[in-house]
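Have a look at the structure below before the remarks.
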Amino acid sequence: MKVSYNWLKEHLALDISAAELSAHLLRLGFEVSEHRRLGPTFTGVVVGKVVSKAKHPNADKLSVCVVDDGAVKRTVVCGAPNVDAGQTVAYARPGAVLPGNFKIEGRKLRGVESEGMICSRSELGLPKDADGIWIMSEGPELGADVGSLLGPADDILEVEITANRPDALSHRGLARELAAYFREDLKPLGAGAAESAKSSFPVAVTDKDACPYYGARLIEGVSVGESPAWLKAKLETIGLRPINNVADITNYILHDVGQPLHAFDADKLAGSRIIVRRSKAGEKLTALDHKTYDLPEGLLVIADGNKPVALAGVMGGEDTAVTAATKRVLLEGAFFAPAEVRKSSQKTRLRSDSSYRFERGADPRAARTAADRATALILQLAGGTAARPAEAAAAASAARPRVRASAARINAVLGSNFEEEAVRRVLASIGDLRDEAGGFQFAAPTWRHDLSTVNDLAEEVGRFLSYDNVPYRMAPMSPRTARLTPVEVESRRVRARLAALGLFEAYNYDLLSEKTLAACRLPGDDGPRVSNPLSEDWAVLRPSLLPGLLKNAQYNLSRGADAVRFFELGKSYALRGKEVDETWRVAAVLLGPVLDSRWQAARSPRASFYDGKAILEDLLDGVGAVAWDKLSAPAAGRTPSDPLFHPANSLRALVNGTPVGTVGWLHPRVARAYDLEGEGAVVIDADLDWLAGRETTAARFREFSALPVSRRDLAVVLDRKTPYERVEAVVRGCRIEELQDVLLFDVYAGKNVPEGRISLAIRLTFGRADRTLTDAEIAKAVETITAALSRELGASLRG
């Protein structure tokens, strides 16, 4: 929030520098992020009048003007398109010094002598209000120093106000805080306006919980025009653009006391009435920012007899705005529930100074007094007569509960030794303090919504009496090792395994956009959604980790990466009834060359389905027998990530009939959406919760044999539809004690192999720990295996 030091001193007598004030504000918890000196930083600039203007003889875009500065008339060459004879201007005499130490001297411009300069506001370091030179209002005496006309210099502080302190979002609010800190009295506010007859604008509120108070005051016979210099200067110092005297008064009150107000052109309100109601389906509002908003059903709006004319607490409508033609003003002063304003602002993506304050919680009792002050100023600056306000108010709310505390309790919270008198003095300067046995009762004022517990009071005491006065003590510690959850233990194992396999971990947000869901072929209507997302990009909780990894892959490839090896551990989300089901998963994406470019051959192999399958098998090491099935098989079940996998080139890993992981090629449509269609991306998805919950047995060491093993290779021909896992199951089913390993090392179908059959070459490894096997023993074992393959699978040895 921008704070004018001069404006602040209108509420509280301060005799310290702005730099010292910044230091005090920081001690109170309000950081000053910027301090800017505002005021004349030029000399030698006076009020002048353009006596005549003629075209420059040697330049189309220059004018030759004669300027009278009250003492002498001089010729000035000017390039501003808006200069004209008769104007009162800011004239820099020869010898003047402008901001940036720019000295004005007489010189020739395109052959014509120019003595001085006609200045724009920006050239004088002042806020810009229009293009071209500064055309001043009539009144100042010719030759008067422009710097002295601008008034005293000011200091502008950019103060960071935390979300729990909306009461400090005004000059009065900050002055109130400083008054308690310095133990000074606030200056009184100006009185309200006299009232005439009853208002002719009835007010109705349909939901008094959403709008506990609404007041509308009719002011007739106003003359809307330019604001006086003092009001425009105040608004300009804090970065606001003056509009007209009525609108400027509402903005002034907002930044003066923190209460948002709004002024309607009463003649543009249909039905001569105001209704605070919920928006209906299909209603729209063209706001003061000149944009038209579709209003979702159920937002709180201010309506006339026909349509919404303002979004309650956020912004008024352009159709009913006060203009130069306005003669009757309806001034709104209201209190809206913070949740209602926050919802309206987020649903419409419309934010304003008004909504910023209402969202955080305005003072419910300030609306009437702020409207009274604004009415008095309107009558003073725009004329007219004011009627009695029409009001609609909810039943008086119960008094805020008092907080019971004591100086001893507050010192215990802070670890301090503050005197009881000092503690009481601080709290009495903030709210209502009443003694009771053993301590006191504290009631917070209506503008302090953040004081409801003893801890809150302790914070106030610490701020005002300084945390520097709290003695430093080392808190007692009893360190102990934190116990890891099963998911944390498994995450460490998986992370180490994947990193060892050459993959890099990625971290992504848990939120996705609707566009991302569509690009990944994920359903967008049955997943958990964020009610009030900060952005459209963060609207839905992710059903899968893969979309984030695909975006990472696209980002890296677009910046010259040759290959991608990413994995992520995190949660995926799904709706189960009205509850959100959270599941820990691990996902990965592989694409590009397998080897680093420095070690690649001319045609280095790229990541393939089998690379992904090997990684998933590594993660499933030790879980027991793993069965593989197509995604379309009934036993494979369904997972939220399935739409991202190629339906024909992907497999599901099942353990005891439970789907635990998926590996396969990326679906072509998804690949196209991420510009990966030419890359051949392999994706992996596995259930980390299942991995963490499985029963594991500690690995046992088995002594290996120092004796040589014997190997025998068999080429068996069998039906090509027979999966290899059945072959291995038959071989191991022979229960030959000396059989140590079975390995498939070749697959062949073609010449010398009958049609419909296939040749599988397997290597059998035999051995014992106590002795070397004889050829006869090995031959007998091979014969047993061959007979079993023939009997169970109809296999024969390839000749």
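The values are calculated or read from the model by the stated rules, or taken from the named source; none is laboratory data. All values reported here derive from a predicted model rather than from experimental measurement. Every residue, glycine as well, gets a Cβ built from its backbone with ideal geometry; the counts of neighbours run over all protein chains shown. Accessible surface areas use protein heavy atoms only, side chains included; no ligands, DNA or RNA. Shrake-Rupley method; radii C 1.70, N 1.55, O 1.52, S 1.80 Å.
Could you list the residues of the stretch 236-279 with an amide nitrogen less than 19 Å from a label point located 7 Å from the Cα of S223 in the Cα-to-C-beta direction?
Residues 243-249 fall inside that zone.
Students sometimes get this wrong: rank I736, I104 by accessible area, probe 1.4 Å, all chains present, largest first.
If we order I736, I104 from most to least accessible, we get I736, I104.
So, with a 1.4 angstrom probe, what is the percent of accessible area on the stretch 292-341 that is carbon and sulfur? Don't jump to the answer; show the numbers that get you there.
Values: 800 of 1560 Å².
Exposed carbon and sulfur together represent 51 percent of the surface.
Name the aspartates and glutamates eligible as straight-distance cross-link partners of K578: C-alpha to C-alpha under 15 Å, and not fewer than 8 places from it in the same chain.
Counting by Cα, and skipping residues close in sequence, K578 has these aspartates and glutamates nearby: D525, D526.
Placing unit charges on C-beta atoms (Lys and Arg positive, Asp and Glu negative, everything else neutral), compute the dipole magnitude of the chain about its Cα centre in debye, rounded to 20.
That gives a dipole near 1160 debye.
So, in nm, how far is label K751 from label A339 when the simple model puts each one 7 Å beyond its Cα toward the Cβ?
Roughly 8.1 nm, to one decimal.
In what sequence, largest accessible area first, do K128, K49 appear using a 1.4 Å probe?
My answer, sorted largest first, is K128, K49.
Could you tell me how far the Cα centroid of the stretch 625-667 sits from the Cα centroid of the stretch 267-344, in Å?
55
If r is the Cβ-Cβ distance from T41 to A561 and R0 is 56 Å, what FRET efficiency results, to the nearest 0.05?
Efficiency, rounded to the nearest 0.05: 0.60.
With axes computed from alpha carbons, what is the tilt in degrees of helix 486-500 against the longest principal axis of the chain, rounded to the nearest 10 within 0 to 90?
Compared with the principal axis, the helix lies near 80 degrees.
Scale the Cα Rg of the stretch 402-464 by the rule-of-thumb value 2.2 N^0.38 Å and send over the ratio, two decimals.
0.97
At 222 nm, what helix-only mean residue ellipticity would the chain give, in deg cm²/dmol to the nearest 500, using -39500 (n - 2.57) for each DSSP H run of four or more?
Helix-only estimate at 222 nm: -7500 deg cm²/dmol.
Starting from the Cα of L797, step 7 Å along the direction of its Cβ; do the same at L773; then give the gap between the two resulting points in nm.
So the two model labels end up 1.5 nm from each other.
Per 0.36 nm of contour for each residue apart, how much would the distance between N58 and A482 grow if the chain were fully extended, relative to their Cα-Cα spacing?
Length gained between N58 and A482: 144.2 nm.
Please find the FRET efficiency linking L501 to E31, where r is the Cβ-Cβ separation and R0 is fixed at 56 Å, and quote it to the nearest 0.05. Display every interim value, and only then the final one.
Working: r = 48 Å, r/R0 = 0.85.
With R0 = 56 Å, the Cβ-Cβ based efficiency is 0.75.
Just the accessible area for E105, please: 1.4 Å probe, Å², rounded to the nearest 10?
Accessible area, nearest 10 Å²: 130 Å².
Tell me, what HN-Hα J-couplings in whole Hz come from the Karplus equation 6.51 cos²θ - 1.76 cosθ + 1.60 at θ = phi - 60° for each residue of the stretch 463-472, using x for Gly and Pro?
Values per residue, Gly and Pro as x: 5, 6, 9, 6, 5, 5, 8, 8, x, 7 Hz.
Reachable lysines from K630, Cα under 28 Å, same-chain residues fewer than 8 places away excluded?
Excluding near neighbours in sequence, the set is K551, K571, K613, K721.
Which of the lysines could a cross-linker bridge to K780, judged by Cα under 26 Å and excluding same-chain residues fewer than eight apart?
Once the sequence-local lysines are set aside, nothing remains near K780.
Between rounded, prolate and oblate, where does the stretch 601-703 land on the alpha carbon gyration tensor, with a ≥ b ≥ c its root eigenvalues, rounded for a/c under 1.5, else prolate if a/b exceeds b/c?
oblate
Could you tell me the accessible area of K280 in Å² (1.4 Å probe, neighbours in place), rounded to the nearest ten?
Result for K280: roughly 120 Å² accessible.
On a C-alpha basis, how far is the centre of the stretch 111-156 from the centre of the stretch 729-799 in Å? Whole number, if you could?
101
Please list, ordered by chain and number, the residues whose modelled amide H lies under 5 Å from the amide H of V89; skip anything fewer than 5 residues away on the same chain.
G48, K49, V50, M136
Sorted by accessible area (1.4 Å probe), largest first, how do I135, I762, I430 line up?
I135, I430, I762
Could you work out, for the chain, what percent of all Cα-Cα pairs fall into each 10 Å distance bin, beginning at 0 Å and stopping at the bin that holds the largest distance?
Percent of Cα pairs in each bin: 2, 9, 13, 13, 14, 14, 11, 8, 6, 5, 3, 1, 0.
Of K73/K108; K187/K234; K73/K103; K307/K515; K234/K291, which pairs sit farther than 22 Å apart, going by alpha carbon to alpha carbon?
From the list (K73/K108; K187/K234; K73/K103; K307/K515; K234/K291), the Cα-Cα distance tops 22 Å for K307/K515; K234/K291.
Starting from the Cα-Cα distance between Y472 and D129, subtract it from 0.36 nm times their residue separation and give me the gain in nm to one decimal. Write out the running numbers ahead of the final one.
Working: separation 343, 0.36 × 343 = 123.48 nm, distance 5.35 nm.
Once the chain is fully extended between Y472 and D129, it gains 118.1 nm.
Under the 0.36 nm per residue contour assumption, what length would be gained going from the current alpha-carbon distance of A281 and E138 to full extension?
Length gained between A281 and E138: 46.2 nm.
Take the Cβ-Cβ distance between K73 and N101 as r, set R0 to 25 Å, and report the resulting FRET efficiency rounded to the nearest 0.05. Numbers along the way, then the final one.
Values: r = 28 Å, r/R0 = 1.12.
It comes to 0.35.
Working from Cα positions, state the angle (0 to 90°, nearest 10) between the long axis of helix 420-430 and the longest principal axis of the chain.
It works out to around 70 degrees.
Which shape class, rounded, prolate or oblate, goes with the stretch 655-790 when its Cα gyration tensor gives a ≥ b ≥ c as root eigenvalues, a/c under 1.5 marks rounded, and past that a/b bigger than b/c marks prolate?
Because a/c hits 1.5 or more and a/b fails to exceed b/c, the stretch 655-790 counts as oblate.
Under a point-charge model restricted to the Cβ atoms of Lys and Arg (+1) and Asp and Glu (-1), what is the dipole moment magnitude of the stretch 203-393 relative to its Cα centre, in debye to the nearest 20?
The calculation lands at about 280 debye.
Using the alpha-carbon atoms, what tilt in degrees (0 to 90, nearest 10) does helix 609-619 show relative to the longest principal axis of the chain?
Between the helix axis and the principal axis of the chain, the angle is about 90 degrees.
Rolling a 1.4 angstrom probe over the protein chains, ignoring ligands and nucleic acids, what is the accessible area of Y213 in square angstrom, nearest 10?
40
Give me the dipole magnitude in Debye, nearest 20, for the stretch 91-246 about the Cα centre, with unit charges on the beta carbon: positive for Lys and Arg, negative for Asp and Glu.
Values: 18 positive and 23 negative charges, 20 e Å.
So the magnitude is around 100 debye.
Does the stretch 43-149 classify as rounded, prolate or oblate by the C-alpha gyration tensor (a ≥ b ≥ c root eigenvalues; a/c under 1.5 gives rounded; else a/b over b/c gives prolate, otherwise oblate)?
Here the stretch 43-149 falls in the rounded category.
What is the distance in Å between the Cα centres of the stretch 495-524 and the stretch 360-421?
After rounding, the separation between the Cα centres reads 50 Å.
For the charge dipole of the chain, defined by +1 on Lys and Arg C-beta atoms and -1 on Asp and Glu C-beta atoms about the Cα centroid, which residue among P754, V89, H646 has the Cα displaced farthest towards the positive pole?
P754
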